[in-house]
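Chemist: Sharing a structure, written as structure tokens. Questions coming.
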Amino acid sequence: MKLRYRGRAITATDVSFIEALIAEHPEASRRRLSKLLCEVWNWRQPNGELRDMVCRSLMLELHRGGFIELPQVRCRPPNNVIARRRVQAVEVASSPIRVALRELRPVEFRQVRRSEEEKLFEALIAEHHYLGYTQPVGEHLKYVVYSASRPIACLAWSSAPRHLGPRDRFIGWSKEARRRNIRFLAYNTRFLVLPWVEVRYLASHILGRMTRVIPRDWERVYGHPIWYLESFVEPCPFGNRA
């Protein structure tokens, strides 16, 4: 037996080791077993954190395939998407901003994930973005853009989809190259310029600035840089606009 999971080759010897690990810790939960296996394999993210979720998914796949027998599920954590679906509204100044871009500067970018300002980001996206707010999973960063202490825009970036035909053809990488380097890509899951902000060229200015901001912040948080950014546009209502 030999299979590959998230870049790691899994052999029959590995499966036997996992079976022995389960037998040696009969009282351990699935979460605990996953962390134990990560520690033994030294399976870590670039920032040093254990690849706990990836390892747990691997063990579950082996369990479903009949290769190992995991203990019964002991508890089911709440679904974060459901739990966070209702975002509390916040009040911000909404008087119109109609100036030239040069009058708006300096524009400040604040990475707000795991900060007090994260609630502001979520509320603004939930109220004003046409897709609403959903909690990202995996590697991701959230930004609120300010001008003179007033929020004017919000952006969210997440780890890139593993398979995307047009992008993969554009880059021209092989399957193996994509597997090794996909973590160096991020995609723009949300981009909101607040509706009362009418500043010509602001959106382009923000995206241009993000190309310099994101690699630094991503490396600080996740231990690796970002080399390539991608974004998507809904065909409706924006696809037919000039």
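Please treat every number below as a calculation from the coordinates, not as lab data. Since this is a predicted model, take the numbers as computed values, not measurements. A quick note on method: Cβ atoms are made from the backbone with ideal geometry, for glycine too, and the neighbour counts reach across all protein chains shown.
Chemist: With 10 angstrom as the radius, rank PHE170, PHE109, PHE17 by how many other C-beta atoms surround their C-beta, starting from the fewest.
Modeler: PHE170, PHE17, PHE109
Chemist: Could I ask something else about it? Name the trypsin sites (Lys or Arg not before Pro) in the range 162-199 that are in a loop by DSSP and that have at most 12 other C-beta atoms within 10 Å, would you?
Modeler: ARG162
Chemist: Please identify, among VAL15, VAL73, VAL221, the residue showing maximal mean-square fluctuation in a Gaussian network model of the chain using a 10 angstrom Cα cutoff.
Modeler: Sorting by GNM fluctuation, first place goes to VAL73.
Chemist: In nm, to one decimal, how far is the modelled label at ARG169 from the one at THR134, with both set 7 Å along Cα→Cβ?
Modeler: If labels sit at ARG169 and THR134, their model points lie 2.6 nm apart.
Chemist: Another one. May I have the extent of the alpha carbons of the range 89-238 along their three principal axes, as whole Å values ordered from largest to smallest?
Modeler: Here the Cα extents, ordered largest to smallest, are 51, 31, 28 Å.
Chemist: Order by neighbour count: HIS140, HIS163, fewest other Cβ atoms within 10 Å first, most last.
Modeler: Fewest to most other Cβ atoms nearby, the residues stand as HIS163, HIS140.
Chemist: Between VAL15 and ARG102, how high is the FRET efficiency from 1/(1 + (r/R0)^6) when r is the Cβ-Cβ distance and R₀ = 51 Å? Nearest 0.05.
Modeler: Working: r = 63 Å, r/R0 = 1.23.
The value I calculate is 0.25.
Chemist: Across 10 Å bins from 0, what is the distribution of all Cα-Cα pair distances for the range 2-64, in whole percents?
Modeler: 21, 60, 18, 0
Chemist: Using Cβ counts within 10 Å as a stand-in for footprinting exposure, how do GLU24, GLU219 rank, fewest first? Before the final figure, lay out the partial values.
Modeler: Numbers: GLU24 10, GLU219 14.
The most exposed by this proxy come first: GLU24, GLU219.
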